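Below you'll find the structure, written out as structure tokens, and then a few comments.
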Amino acid sequence: MIEFFQALASYWAIIRPIAGAAFCLIGGFLALVGAIGVLRFPDFYTRLHAASVTDTGAVLSLVLGMALLSPTGFIFIKVLAVGIFLFVTGPAASHAVANAAHTAKLEPLTGHFGRVDDPEDGTPL
Amino acid sequence: MIGISVLLLCIGTALILSRALTGPTLYDRVLAVNSFGTKIVLLLGVLGFFMGRPDFLDIAILYALINFVATIAVLKFVRYRSFQVTLVRRDTEDVRARR
């Protein structure tokens, strides 16, 4: 029984940095995807959708990766504090921006893709 | 692999900063600045682990706090043109009568 737990601890010591780095990589990829979405989407409301990828997915993955990489317990607690704060305030700030835009009567983009002069041409949005 | 993550986050911040500079409406800019702040917080944390100095996390916590408050403050100033208006709804007579 004790040998089993010792083997488990040694495997965990090997797996932990690899898993942390993999989670950091996934988080960086999600952050890049969110940035490309914010840059390329045509409308404010669609950009909001792209930005929330960063606010939830990238924060969750990167905080999990950093927590797995943390050498001491104090740094683990600090990483957890950053994660909880970002995870609470990110969607709240997104909702505040969306509410302000909706209150200011910012119109979402509707219509068709394609040529501007012929609205019937192209695929429906 | 953490270095690749730092590189990806740097590219993401550059892209989202270009949206903040060229955004057509004010709300695009506010959204881009908020997202930029989130990305910078994550970049600070990952960069601390990449350089072997996780003390950067204190600065990351501080920047996360300032980022949230700044977003709400900018939105409130644009709506009311003042920082002195309370955000709590006044309990007026007709609201009390409707209860």
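Which condition number does B:PHE56 fail, the rest of (1) at pLDDT 90 or above; (2) farther than 15 Å from A:ARG40 by Cα; (3) not polar (S, T, N, Q) being met?
(1)
Is one or more of the residues making up the stretch A:86-95 touching a residue at least 40 places away in the same chain (Cβ under 8 Å), touching a Gly at 6+ places or on another chain (Cβ under 9 Å) and part of a helix (DSSP H, G or I)? Full working, then the answer.
Going through the stretch A:86-95, the residues touching a residue at least 40 places away in the same chain (Cβ under 8 Å) turn out to be A:94.
Restricting the remaining residues to those that are touching a Gly at 6+ places or on another chain (Cβ under 9 Å) gives none.
No; the residues of the stretch A:86-95 include none that is touching a residue at least 40 places away in the same chain (Cβ under 8 Å), touching a Gly at 6+ places or on another chain (Cβ under 9 Å) and part of a helix (DSSP H, G or I).
Just to verify a result, which residue in the stretch A:31-47, among those that are among the aliphatic types (A, V, I, L, M) and buried (at least 22 other Cβ atoms within 10 Å of the Cβ), is nearest to A:ALA96 (Cα to Cα)? Step through it out loud before you land on a result.
Let us first name the residues in the stretch A:31-47 that are among the aliphatic types (A, V, I, L, M), namely A:31-33, A:35-36, A:38-39.
After this cut, where a residue has to be buried (at least 22 other Cβ atoms within 10 Å of the Cβ) as well, the list is A:31-32, A:35, A:38.
Values: A:ALA31: 21, A:LEU32: 23, A:ALA35: 20, A:VAL38: 17 Å.
For the stretch A:31-47, the residue satisfying everything is A:VAL38.
Would you mind stating whether A:VAL53 is among the aliphatic types (A, V, I, L, M), at pLDDT below 90, in a helix (DSSP H, G or I) and within 30 Å of A:LEU109 (Cα to Cα)?
Values: among the aliphatic types (A, V, I, L, M): yes; at pLDDT below 90: yes; in a helix (DSSP H, G or I): yes; within 30 Å of A:LEU109 (Cα to Cα): yes.
The answer is yes for A:VAL53.
Of all residues in the stretch B:10-61, how many are in contact (Cβ under 8 Å) with a residue 24 or more places away in the chain and either within 16 Å of A:LEU64 (Cα to Cα) or more than 7 Å from chain A (Cβ to nearest Cβ) (or both)?
From the stretch B:10-61, those in contact (Cβ under 8 Å) with a residue 24 or more places away in the chain are B:10, B:12-13, B:26, B:30, B:33-34, B:37-43, B:46-47, B:49-50; that's our starting set.
Subsequent filtering for residues that are either within 16 Å of A:LEU64 (Cα to Cα) or more than 7 Å from chain A (Cβ to nearest Cβ) (or both) retains B:10, B:13, B:26, B:33, B:37-43, B:46-47, B:49-50.
So the answer is 15.
Here are A:ILE2, A:ILE26: which of them is within 17 Å of B:LEU8 (Cβ to Cβ) and either touching a strand residue (DSSP E or B) at 6+ places or on another chain (Cβ under 6 Å) or free of Cβ contacts under 8 Å to residues at least 60 places away in the same chain (or both)? First the steps, then the outcome.
On the way: A:ILE2 fails: within 17 Å of B:LEU8 (Cβ to Cβ).
Answer to the selection: A:ILE26.
Mind counting the residues in the stretch A:69-113 that are exposed (fewer than 14 other Cβ atoms within 10 Å of the Cβ) and over 29 Å from B:ASP28 (Cα atoms)?
Number of matching residues: 5.
What do you reckon, is A:ALA19 assigned to a helix (DSSP H, G or I) and facing chain B (nearest Cβ under 10 Å)? Talk me through it step by step, then tell me what you get.
Details: assigned to a helix (DSSP H, G or I): yes; facing chain B (nearest Cβ under 10 Å): no.
No: the conditions fail for A:ALA19.
The values are calculated or read from the model by the stated rules, or taken from the named source; none is laboratory data. Note that the structure is a prediction, hence the values are computed from the model and not measured. As a convention, Cβ positions derive from the backbone with ideal geometry for all residues, glycine included, and neighbour counts pool all protein chains shown.
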